[in-house]
Amino acid sequence: MVRTAEKATNEDDAEQQERREKLSQKQKEFHQQEKKRRGNVSKNGKQMKVCTTFIQKTSKEGLDKFIRQALQQKNIDGVEVLDLSRHKISELSPKIRFYMRMLRKLRVLNLHGNKLRVVPSEIGEMLGLKNLALNENHLTELPVELGKLTTLETLDLRYNRLKLLPAQVGNLKSLKSLFVRFNKITAVAPEIGNLAELEFLTLRNNRITELPAEFSKLTNLELFDVQNNFLTQLPNVGNMKRLETLDAQCNRIVRLPVEIGNLVNLRRLQLRQNRLTEIPAGIFSGLKNLVELDIESNSLTTLPADIGRLVNLRTLYLGRNKITHLPAEFSHLVQLEELYLEFNQLTSIEQIVNLVLLTVLNVSTNRIVSLPAGITNLINLRDLFASSNHITELIPEIGQVSSLAQVDLDDNQLTLLPKEIGKLKRLRSLNLEGNQIKKLPAEIGKLSELQVLRLGFNKLTRVIPQIGTLSKLKELYLDENRLRLLPTELGRCSNLEILSFNENNLDDLPNELYQLDQLRLFGMDDNPLANIPAEVTDNGSQEVFNFLGKRLANRQPQQVPSDDEDEDD
């Protein structure tokens, strides 16, 4: 499928989702272990369950009852989980704040999904806290006392109104995961460099213009996400040897630090929608483990030769640049499975013919005049997008790429199709709109798996009768051609749901169309339809459809134009 810049901007990175799932799983395992460990205690020879967890989300009374029970059991110091999420709390009451001072062994505090504007200073008394969720509130600042939580491992601040990531965060020496996305942060305190244990850091969707040099000290990072900010450059990341994902897309970055080449464990590098005009030579040489590279929507005109050193690359996004040619070393990317080169200035793609693992190739909106004959090597190619080029002829070799399921060749300059296209037995979607095609080969009827056929905006005068053999066809578009006749065999396409032939020269329609029981869209506007009564056509497509049914029942055939009226121009 075609990847667009808008889509990539809005959707979460797959790697980040995987990290979140792993983190969530770890939390679940932790809770299960703690539950087993706590078990029951004995009092006066009777078993009594210790009150250590509050996860009821019903009312204030429920929390008060929990507090009283914990105090009665003299177990207030043993409470480990407190979940107050989604209670519409705008301010923590004095009772809860007093209670917070006693929760020395609390490990999980969940306050997300409330309306908190302030985090009380008592938070600093919870010295055993491991997981603190403050996301989805109205916070504009963090208390200084937060810095006392030296055992904290996860801090979630997403979806608040913070303008600064303050210095006290740098005191959280045990922190492993810090989520600050979707705030209003413009600056990050240099003390963030003290978080030596930090593994996951996401700052996306803020207003950060610059990151402090101290970021280079975060040598334990595995995920570094600064997507959708106002950065013009990245900090020195060369010491982040454990980094697996670097996401800096949708910023204003004009050049890359050469130290990126030191990230030997990097698997995903995402830089789309920046202002890059070049990639420093040698930067790819050390990225042996990179599996995904996204440099879409920049201003690149060339690619460095060392791109061929990315021997494990699986997915490459280079669309929406100004690239005029691919280096010879491009052919070394033999593990590549998906390649996106749309909206560039390429005239040739010969360098891709040895990429035998390719399943998706998008070269739409370039200046390509012909597909390479070596495309036959791409035995795994499933989706081919080559629309909006200057292709005048579809090479017969296309029939040997038997794995093809989708082919888009719309808006080219094709005048005919090779009969070899009938060999594409797995083809499900064929888009040939906006060409100069006057006639279809009979072999189209051999595309037994075809479901979508787009032939609009060509110069067709007839549709071949073999189209009736396409038993799986669901959508057929014939708009704005020069059709004077539709074949009766079209009525055999029993799965057809969409049939559109607007703006043609049809005077009549075959009665057999009435047999298309699955039809839900019948586009017939702007045709003469002179042989169908005006009172029928004036009442729309359903009335025309019913008219065909009556005529079919009476065995009255459509009127066929004479051959001399049907000559090709």
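The values are calculated or read from the model by the stated rules, or taken from the named source; none is laboratory data. Owing to the predicted nature of the structure, the values given are computational and were not obtained by experimental measurement. Cβ sites come from the backbone with ideal geometry, for glycine too, and all protein chains shown count toward neighbours. Surface accessibility is based on the protein's heavy atoms, side chains included, excluding ligands, DNA and RNA. Shrake-Rupley method; radii C 1.70, N 1.55, O 1.52, S 1.80 Å.
Oblate is the label for the stretch 280-405. Its Cα gyration tensor axes, ordered a ≥ b ≥ c, give a/c of at least 1.5 and b/c at or above a/b.
Explain nothing, just the number: dipole magnitude of the stretch 375-495 about its Cα centre with +1 on each Lys and Arg Cβ and -1 on each Asp and Glu Cβ, in debye rounded to the nearest 20. Write out the running numbers ahead of the final one.
Numbers: 17 positive and 14 negative charges, 100 e Å.
Dipole magnitude for the stretch 375-495 comes out near 480 debye.
Expressed to the nearest 5 percent, the antiparallel share of DSSP beta bridges inside the chain is 5 percent.
Among LYS241/LYS322; LYS88/LYS163; LYS65/LYS176; LYS438/LYS550; LYS105/LYS176, which pairs are too far apart, with a Cα-Cα distance over 25 Å? Mind showing how you got there, number by number?
Numbers: LYS241/LYS322 32 Å; LYS88/LYS163 23 Å; LYS65/LYS176 34 Å; LYS438/LYS550 33 Å; LYS105/LYS176 19 Å.
Over 25 Å apart, Cα to Cα: LYS241/LYS322; LYS65/LYS176; LYS438/LYS550.
Name the longest site-free stretch of the chain, where the excluded sites are GluC sites (Glu not before Pro) in a DSSP loop with no more than 11 other beta-carbon atoms within 10 Å. It runs 12-566.
Among rounded, prolate and oblate, which fits the stretch 470-512 when a ≥ b ≥ c are the square roots of the eigenvalues of its C-alpha gyration tensor, a/c under 1.5 means rounded, and a/b larger than b/c means prolate? Judged from the Cα gyration tensor, the stretch 470-512 comes out oblate (a/c at least 1.5, b/c at or above a/b).
Find the relative contact order for the stretch 404-492 and round it to a whole percent, using C-alpha pairs within less than 8 Å whose residues are 6+ positions apart.
Taking the mean separation of contacting Cα pairs over the length of the stretch 404-492, I get 25 percent.
For the chain, the 222 nm mean residue ellipticity estimated from helices alone, with every DSSP H stretch of n ≥ 4 adding -39500 (n - 2.57) and the total spread over all residues, rounds to -4000 deg cm²/dmol. Length gained on full extension, LYS163 to ASN554: 133.0 nm, using 0.36 nm per residue less the C-alpha separation. Around the Cα centre of the stretch 313-395, unit charges on the Cβ atoms of Lys, Arg, Asp and Glu (plus for the first two, minus for the last two) sum to a dipole of about 180 debye.
Counting only heavy atoms of the protein chains, get the accessible area per residue of the chain (1.4 Å probe) and round it to a whole Å² value. Intermediate results must be reported in sequence, preceding the final value.
Working: 25540 Å² over 569 residues.
Ligands and nucleic acids excluded, the figure is 45 Å² per residue.
Nearest 20 debye, what's the magnitude of the dipole of the chain about its Cα centre given +1 on Lys and Arg Cβ and -1 on Asp and Glu Cβ? Could the numbers behind the result be given before it?
Details: 76 positive and 74 negative charges, 962 e Å.
Value, rounded to 20: 4620 debye.
Relative contact order for the chain using alpha-carbon pairs under 8 Å, separation at least 6, rounded to a whole percent? Write out the running numbers ahead of the final one.
Working: 1510 pairs, mean separation 25.4, N = 569.
The value is 4 percent.
Taken along its principal axes, the alpha carbon cloud of the chain reaches lengths of 101, 60, 41 Å, longest axis first. Shape class of the stretch 208-333 from the alpha-carbon gyration tensor: oblate, with a/c at 1.5 or above and b/c at least as large as a/b. Measuring nothing but protein heavy atoms, the accessible surface of the stretch 353-479 at 1.4 Å probe radius is 48 percent carbon and sulfur. Projecting the Cα atoms of ASN194, LEU378, PRO465 onto the charge dipole of the chain, computed from C-beta unit charges around the Cα centre, puts ASN194 farthest toward the positive end.
Normalised by the number of residues in the stretch 240-396, the mean separation of alpha-carbon contacts (under 8 Å, six or more apart) gives a relative contact order of 14 percent. Projected onto the charge dipole of the stretch 299-342 (+1 at Lys/Arg Cβ, -1 at Asp/Glu Cβ, origin at the Cα centre), which of LEU303, LEU339, LEU313 gives the Cα projection farthest towards the positive end? It is LEU303.
Taking R0 as 60 Å, what FRET efficiency do you get between GLN335 and VAL118 from their Cβ-Cβ distance, rounded to the nearest 0.05? Display every interim value, and only then the final one.
Values: r = 52 Å, r/R0 = 0.87.
Calculated transfer efficiency: 0.70.
Keeping the other protein chains in place, figure out the carbon and sulfur percent of the accessible area of the stretch 209-304, with a 1.4 Å probe.
Working: 1390 of 3370 Å².
Heavy-atom surface of the stretch 209-304 belonging to carbon and sulfur, 1.4 Å probe: 41 percent.
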